[in-house]
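Read the figures in this text as sums done on the coordinates, not as results from a lab. Predicted model, so just to flag it, every value in this text is computed and none were measured. Here the Cβ is made from the backbone with ideal geometry for all residues, glycine too, and neighbour counts use every protein chain on show.
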């Protein structure tokens, strides 16, 4: 039985988990109710509110959906590094923005994980690292399927080895954060097509292909290469249901209309971890620090830039925002999630 | 009539033009005689010997084949820049190798182009830049089809606009030099799948997909995405007919056997122009100059490193060689070109 059948899905499209509010319950429910798999990007969600969000989604759909967490050790998520790079401190000062580091750089993964055991979901998906055999067994015991994320064939194999039910293979084209954890996966970020090919060579696990996919033809291509489903993020960012900042959404649509270059870049400048974003003033101004790779690691830098991003979001200042976007960004449209899904199914 | 039919081909596989001796007449003829399209990488071939090489290929096959040139202005190809970067001069000194700059950094493109008009070939393909309407017309007049190379949808459109017969879309995965010329194509090197999708959106021209393709499944994927054919380079490097250095070939095979990491990188350190190579000591030692992007441009740096590469080749020192390879390098095999083609056709 295919993963699609096991999850009761009717079309092979996963809406990517995008942390930070993009994946509203309305978006997730729209995708799952259409027959796809909606995903909550819950990596930045406090453990105490996670269960409530899950309940909201459950009230809007009886179909399968996923909740995605970012794997982090307790030390990584709780240690506050106050040694801000000089250029960033200067940037705060120049823009008259208060630094205000959070009390911890990231949520407790252990507590978020426990929330998923206490209020089980159809699919638990993971990024930024890998869980262990016992954790997979615990999720299976409460009836959740497990999906891992891989940027490299060795990561795909690792998820297969611990008993995951599927792995999302995310190519260099993908917008937002890269989900792998092995150093090699960033030394040479693999293109999606070659990543599918190489992951297929090392595991029989169902593959979900992610990165730059915007059309039915690309879905068919991913399937021809050996993936069972695709995961799409950028295409959903401009749907009516997506909960992103208006200025960010408008900028993506401007790119599609040719009013702004469709130029993205993998950058560590926002969070310390490589992520693909639309190029803006912040990225070009500090490009040298990106190249030199002397930045604080994730989640430290993420915590350090948080107030900066919050202020930019408030002000609608797209030149200072982290506008995550994949290489297919020029093909986004302003439409509902259902309209997007209908179009993709028709093209396939 | 499809491009495949126009060229009398029976399988949709182009053997990539790889300059520097890899594409022997035997390799080209083996591919074309099998029903694919063999290509001579003639960018570094002196105009006066090009015609002779073409005659040798014609003596070995009556099928279509391509000759590929690198588009360069006369100024770019003839001006000798003697201001070698300090680190490179030091590297020559440390290794007791004589610098010996060639009398010109690259062959005259105008004279190479004239050689193609004087001794016409079935297909003339181009990389590193674009030719003009008159040059396309001149090639058509002598019966040659014209194929351009693009790393970006705008480059694909440019080739369509001047009347090319097809365009090779080369994704970030591809080994060796990137064939585009617009600055944007290197700001954000596009993955193959998204490049095909975006090129397909701006032109109806037949597309030849290149980058990381090693299997029949990947060929089917490229076709599903909208390409008519694929172009493969790395897979042919380890065939018996390929004319590369023994140590280089052995190293590629070691990667396939898991005895060396399958890590490649886009680098400007060998030639001044971005090209994907297996990571070795030379690349890691001078990585900072690559990142800083303060290198002399192509073809100047290429001329400056020529003796270094020649000495390394002579000595079989793979840590100083430019070992061009694509991201699919872990799937190479030691086999004949015909065996490779048979396997691919069977998989498709």
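Residues of the range A:117-149 with amide nitrogen under 15 Å from the 7 Å Cα-to-Cβ point of residue A:51? It comes to A:117-121, nothing else. Cβ-to-Cβ counts within 10 Å put A:168, B:11 in ascending order as B:11, A:168, the fewest first. Computed from Cα positions, the angle between helix B:216-225 and the longest principal axis of chain B comes to roughly 70 degrees. Computed from Cα positions, the angle between helix B:300-315 and the longest principal axis of chain B comes to roughly 80 degrees. The gain in end-to-end length when the residue B:333 to residue B:142 segment is fully stretched comes to 64.9 nm, 0.36 nm per residue minus the alpha carbon separation. Helix B:47-60 and the longest principal axis of the Cα set of chain B meet at an angle near 50°. Among A:286, A:248, a tally of other beta-carbon atoms within 10 Å of each Cβ gives an order, fewest to most, of A:286, A:248. Placing a label point 7 Å from the Cα of residue A:293 along the Cα-to-Cβ direction, the residues of the range B:252-293 with a backbone N closer than 14 Å are B:263-267, B:279-281, B:283-292.
Shown for the range A:284-348 is the translational diffusion coefficient from the Stokes-Einstein equation, using the Kirkwood radius over Cα pairs, a temperature of 4 °C and a viscosity of 1.567 mPa s: 86 µm²/s. Available extension along the chain between residue A:154 and residue A:183 is 9.3 nm, counting 0.36 nm per residue and deducting the alpha carbon span.
Estimated at 0.36 nm per residue, the fully extended path between residue B:307 and residue B:62 surpasses their Cα-Cα distance by 84.5 nm.
In terms of other Cβ atoms within 10 Å, A:91, A:140 run from fewest to most in the order A:140, A:91. Could you give me D for the protein assembly as shown, from Stokes-Einstein at 10 °C and 1.306 mPa s, where the hydrodynamic radius is the Kirkwood radius over C-alpha pairs? Units µm² s⁻¹, please. In µm²/s, the coefficient is 61. Which of the three applies to chain A, rounded, prolate or oblate, going by the alpha-carbon gyration tensor with a ≥ b ≥ c and a/c under 1.5 meaning rounded? Note, shape of chain A comes out rounded. Label-to-label distances for residue B:307 across copies, nearest first, come out at 5.8 nm, using points 7 Å from Cα in the beta-carbon direction.
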